[in-house]
Each structure stands twice: as structure tokens, then as C-alpha cells.
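This report concerns only the one structure given below.
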Amino acid sequence: NNSITEATGYLNSKKRIESALNLVSSIKLTRDRISIHSHNRINIIHDPKSLLFVEVSSLFKNAISNILENAIKYSPEEESITMEIRRNGEKIIIAIKDKGPGIEDCHKDKIFDRFTRLERNLNLEGTGRGLWITKNIIEKEQGTITVEDNPEGGAIFKIIIPAFKVNNYNQSINDIAEWYHISPSLIIQKEEAIRTLLQLQKM
């Protein structure tokens, strides 16, 4: 059962601090495993990478990938998909804009329910669980997902997730040391070296 496997994966997956841009850049799409930057139908627009840090599990990438796969599946082959990754205050907003048939207002909330499939999509492969799983993953990351009309035709799936910020400097140093299997003192030494370089650059 895929949903049970995904749920188990979530429980076992540690959260990592990473730029949302790096995370998205590592996605490979379709059965051909095409890198997102090599995909000829996807355009990425983004704020500077340094503004886009989030703290998420590896399944967050799966959620983004699922939205992109749907956008490709339901949009005409000649149409491109745009993904915008922006910082807005303490939030990161990932908007995926397709040129598909769009979603009627009466279905906008229902499409995230388990086993819901729109009538026009019944001839396409799928179980109706994809968006339900996607929504659950995003909510576990303290995020939200909504869908709205694309003024250019189609739909916009909008994911909003908290931007990462350091609340406790020493704890963050220890977390990074644990992830990369290096000593906290080595990280502090590297930080001092980088600060020195930045100060010299300003002189």
C-alpha cells in the first residue's frame, strides 16, 4: 500500500535545513527521470537561494514533485509550466502554474480529499490519492496548499511553508554537526574564517 509506505517514510525521515531552490533542483520528473532544469516544459523563477531556506523532511520534495507531475500530465504538450519560489516575510511561497483545463470552484477543496478524482480525469492513470498524500505531507511540515485559477488559463497550486530561522545558535551548530558528522568546533572555525573573508572584502 503506497500511502502506508509514504507515511512510514515520513515517520522515519529526519528534517533537514536546505534552500527550497536546492531541494526543487534535485527533483527528477516522469518515468524518464528528467532533471527539472533539463525539462523543456518547466520554467523556474526564484528569489536568491539564500532567502529560501526551509526545514523539511525528504518527503516534502515528493509533494512538490507530485504537483509538477500532475501539471505536466494535465497541460497540453505545447504548453509550459511555471514554478515561482519566493520569500514573503517569514514564509516561503512555491507557486506551480499550469495551462491545463483548470479546476471549477466547487471542486477546489474536494480535490485534496482521499480518492477524489474529477470526472474528466477518469480516463487517465491514477488512484485519486496523490493530492491527498501531498496535502498531508505539506501540513506535516506546518505548511498549507491551495489551488486557484490561473489568469492565463489553467490552475495555480500554491504551497506556503515557514521560512527557516535560527532560534538557538548553539543548538543549530550541534544539529549541523550531527547531520554532517563533523565536530561543532570545526563548524565554528569555518564560520570565523568566512566572517574574516567577508570583512576583508568590505575593506
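Taking a 30 Å limit on the Cα-Cα distance, which of the listed pairs 99/165; 28/190; 97/190; 110/165; 14/190 fall beyond it?
From 99/165; 28/190; 97/190; 110/165; 14/190, over 30 Å: 99/165; 28/190; 97/190; 110/165.
About its Cα centre, what dipole magnitude does the stretch 163-203 give when the only charges are +1 on Lys and Arg Cβ and -1 on Asp and Glu Cβ, stated in debye to the nearest 20?
Computed about the Cα centre, the dipole is about 220 debye.
Quick one: angle between helix 130-140 and the longest Cα principal axis of the chain, in degrees between 0 and 90, rounded to 10, please.
Compared with the principal axis, the helix lies near 30 degrees.
Leaving ligands and nucleic acids out of the surface, order 166, 24 by accessible area at 1.4 Å, largest first.
In descending accessible area the options line up as 166, 24.
Which percent, to the nearest 5, of DSSP beta bridges fully inside the chain are antiparallel?
Taking every DSSP beta bridge within the chain, about 85 percent pair in antiparallel fashion.
Keeping every protein chain in place, order 41, 31, 86, 114 by accessible area at 1.4 Å, biggest value first, i.e. largest first.
Descending accessible area places them as 31, 114, 86, 41.
Write down the accessible area per residue of the chain in Å², having rolled a 1.4 Å probe over the full set of protein chains.
Dividing the accessible area of the chain by its residue count gives 61 Å².
If you roll a 1.4 angstrom probe over the protein chains with everything in place, what fraction of the accessible area of the chain belongs to carbon and sulfur, to the nearest %?
With neighbouring chains kept in place, the figure for the chain is 50 percent.
Quick one: 3J(HN,Hα) in Hz for the stretch 155-161, Karplus 6.51/-1.76/1.60 with θ = phi - 60°, rounded, Gly and Pro as x.
10, 10, 8, 10, 10, 10, 9
How high is the relative contact order of the chain, in percent, with contacts defined as C-alpha pairs under 8 Å that are six or more residues apart?
Taking the mean separation of contacting Cα pairs over the length of the chain, I get 19 percent.
Can you compute 3J(HN,Hα) from phi for each residue in the stretch 80-94, using the Karplus curve 6.51 cos²θ - 1.76 cosθ + 1.60 with θ = phi - 60°, rounded to whole Hz and x for Gly and Pro?
9, 10, 10, 10, 10, 10, 10, 9, 10, x, 9, 10, 10, 10, 10
How big is the accessible area of residue 14 in square angstrom, nearest 10, if you roll a 1.4 angstrom probe over the protein chains?
In the full protein context, residue 14 sits at about 130 Å².
Determine the order of 82, 146 by accessible area, beginning with the largest, at a probe radius of 1.4 Å.
Heavy-atom accessible area, descending, gives 146, 82.
Using Cα atoms only, what is the angle between the long axis of helix 184-202 and the major principal axis of the chain, expressed in degrees (0 to 90) to the nearest 10?
With rounding to tens, the tilt is 90 degrees.
Mind pulling the angle between the C-alpha long axis of helix 2-12 and the longest principal axis of the chain? Nearest 10 degrees, somewhere in 0 to 90.
10
Could you pull out every one of the aspartates and glutamates with an alpha carbon less than 15 Å from that of residue 73, ignoring same-chain neighbours closer than 8 positions?
Within reach: 32, 98, 125.
The values are calculated or read from the model by the stated rules, or taken from the named source; none is laboratory data. Computed from a predicted structure; not experimentally measured. For neighbour counting, all protein chains shown are included, and Cβ atoms are generated from backbone atoms with ideal geometry for every residue, glycine included. Ligands, DNA and RNA are stripped out before the accessible areas are found, and what is left, the full protein with its side chains, is counted by its heavy atoms. Shrake-Rupley method; radii C 1.70, N 1.55, O 1.52, S 1.80 Å.
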